[in-house]
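Visitor: Provided herewith is a single structure, encoded as structure tokens, for subsequent inquiry.
The values are calculated or read from the model by the stated rules, or taken from the named source; none is laboratory data. Small disclaimer: the values here were computed from a predicted structure and weren't measured. Note that we place each Cβ from the backbone using ideal geometry, even for glycine, and neighbour counts take in every protein chain shown. Heavy atoms of the whole protein, side chains included, go into the accessibility calculation; ligands, DNA and RNA do not. Shrake-Rupley method; radii C 1.70, N 1.55, O 1.52, S 1.80 Å.
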Amino acid sequence: MKINYSFLFIIPMALIMLMDNMFTELAAPHNLVAQANMLNLLLKAMAVISFGYSMFYFTRMSPVMRVAFGLTTLYVLAMVFESYYFYNTPMVYPHVFQKLFLFYFSFFVYTYYKGNFHLKFSHVVWFILGGFWISVVVVHPDKLSLGAFTSHERGVYASSVYMLVIPFIYFLSKYIFESRLTSLFMAFFILVSIVFFQHRTVWISTGLLLVVYYLLIRFKSGLPINLLSKFLPIGIVLLIAGIASSAFLFSIHPEIITKIQDSFSDIENFDSQGTGGWRYIQWMSYLPFIQENWVFGMRFEGFELPIQFWRDDTNEPVFDDGQGHHFHSFYVDILFYTGFVGLAIYSIMPIYAIAKGLRSKAMTVNQIILIAFVSTGFIYGFSYVLPVFYYAILGWAIVYMEEDGVERMSYLRDFGSRWKAKAIGQNRKLTSA
């Protein structure tokens with residue numbers, strides 16, 4: 001029997017995904033100290049590996065990615081010299097350097113898969129789903145109840161739920177292009193899971209994903225797909241079944257309706273209700289420092305700055321001094337520590353990937369999935385720091401956009417039957433036109 005070893009190519013991607021909270025929790029359930037130590041160790045090790053590998057295979061990079069890598073490295077070296085000059089040590093505060101080290105995860109994934117474009121999309125999808133549900137069942141089984149939902153006991157971190165967006169759009173694509181009802185069921189199940197764990201930022205990100213995905217399928221796939229005919233019959237059946245089941249469920253648990261209404265109210269009044277109000281106060285507390293240091297950020301002075309965000313109930317700082325500032329926004333985080341320059345260096349990569357998609361005459365489904373997901377980072381970053389795995393997906397997306405010919409062969413492996421030949425044929429016609 002011939003064994004397919006293609007699953008081994010997920011290892012580089014998995015090394016970065018393992019730094020998500022759902023995996024560190026699984027390794028050390030309910031031990032926050034052990035989880036933090038494990039995450040710090042993985043971050044440092046992968047930062048060294050990512051930089052070294054990317055530097056060694058620098059020639060694999062496209063001109064734009066070389067510029068992004070060079071600018072990131074120049075900024076890091078400048079901070080090393082600054083640290084050595086003022087503190088007599090090359091890296092006085094690793095917390096500050098980490099803001100740029102995360103970029104190297106994108107370069108690592110990019111350079112690796114640029115030379116080894118053998119990773120199957122389905123392997124990434126099942127790795128995410130398997131890790132997520134094993135973590136939930138083992139670590140947070142008590143959160144799988146209506147009581148946990150109505151009392152807002154989410155349990156699962158936002159980054160872990162955000163990762164589910166990738167399997168969701170993958171199975172939705174499987175249904176659209178292959179008409180597999182099992183894929184539609186999987187997509188619906190994952191979507192219900194995203195809603196159930198109540199991270200409103202992920203809800204909004206998923207909504208944006210669907211909009212971008214539809215537009216790319218409509219204008220960039222080159223496929224004559226009538227989405228209305230795909231979803232209208234299913235939608236009617238689900239609507240009838242949903243009304244019947246929800247009427248029964250809501251009559252028994254009317255608090256569910258109240259909880260959903262409260263969640264949407266928090267979204268509408270983000271600056272005064274729920275966690276959105278908490279974030280808004282934090283943003284306003286640090287805005288003066290960002291404005292005063294908007295070009296290069298505060299860097300080490302920012303780390304030493306006393307905590308500016310205070311609790312209303314105890315009149316004490318939200319975080320302890322001397323441990324850095326922990327922001328609930330990627331934009332505030334990157335601007336505070338590295339300024340507009342740091343944000344501009346990061347922005348090169350997602351904008352480059354999206355621009356390549358918009359300039360292309362036709363995109364394959366895998367490309368559309370990844371570009372749609374990458375675009376959600378601009379929304380997710382308002383409420384949370386971008387998770388570590390996002391940088392891996394970003395690097396992978398750029399490979400897909402650059403390796404056009406190779407990507408089409410990979411597409412043949414992932415999306416089957418007559419839709420494969422039809423999609424490839426349509427894309428070739430449009431490309432040669």
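Visitor: Translational diffusion coefficient, Stokes-Einstein: compute it for region 93-132 using the Kirkwood radius over C-alpha pairs as Rh, at 4 °C and 1.567 mPa s, and state it as an integer in µm² s⁻¹.
Guide: Estimated via Stokes-Einstein, D reaches 106 µm²/s.
Visitor: Let me ask something else. How would you rank 287-300, 27-40, 9-22, highest first, on the average number of other Cβ atoms within 10 Å across their residues?
Guide: 9-22, 287-300, 27-40
Visitor: On to the next question. Probe 1.4 Å, all protein chains in place: accessible area of ILE348 in Å², nearest 10?
Guide: Here the residue's solvent-accessible area equals roughly 40 Å².
Visitor: Per Stokes-Einstein, at 10 °C and 1.306 mPa s, what whole-number D in µm² s⁻¹ belongs to region 1-106, with the Kirkwood radius over Cα pairs as the hydrodynamic radius?
Guide: Values: Rh = 16.0 Å.
Rounded, D is 99 µm²/s.
Visitor: Amide H of LEU386: which non-local residues (sequence gap of 5 or more, or other chain) have their own amide H closer than 5 Å, using H built in the peptide plane?
Guide: The list, which skips near neighbours in sequence, is PHE330.
Visitor: Using θ = phi - 60° and the Karplus relation 6.51 cos²θ - 1.76 cosθ + 1.60, list the HN-Hα couplings for region 384-399 in order, rounded to whole Hz, with x at every Gly or Pro.
Guide: Those phi angles translate into 9, 5, 4, x, 4, 5, 4, 5, 5, 5, 4, x, 5, 5, 5, 4 Hz.
Visitor: Ok, one more. Leaving ligands, DNA and RNA out of it, work out the accessible area of GLU402 with a 1.4 Å probe and give it in Å² to the nearest 10.
Guide: 40 Å²
Visitor: Considering only protein heavy atoms and a probe of 1.4 Å, how much of the accessible area of region 13-166 is carbon and sulfur, as a whole percent?
Guide: Details: 4620 of 6650 Å².
C and S atoms contribute 69 percent here.
Visitor: Still on this model: Send over a whole-number figure in Å² for the accessible area per residue of region 40-122, probe 1.4 Å.
Guide: 47 Å²
Visitor: How far is the Cα center of region 15-32 from the Cα center of region 114-144, in Å?
Guide: 12 Å
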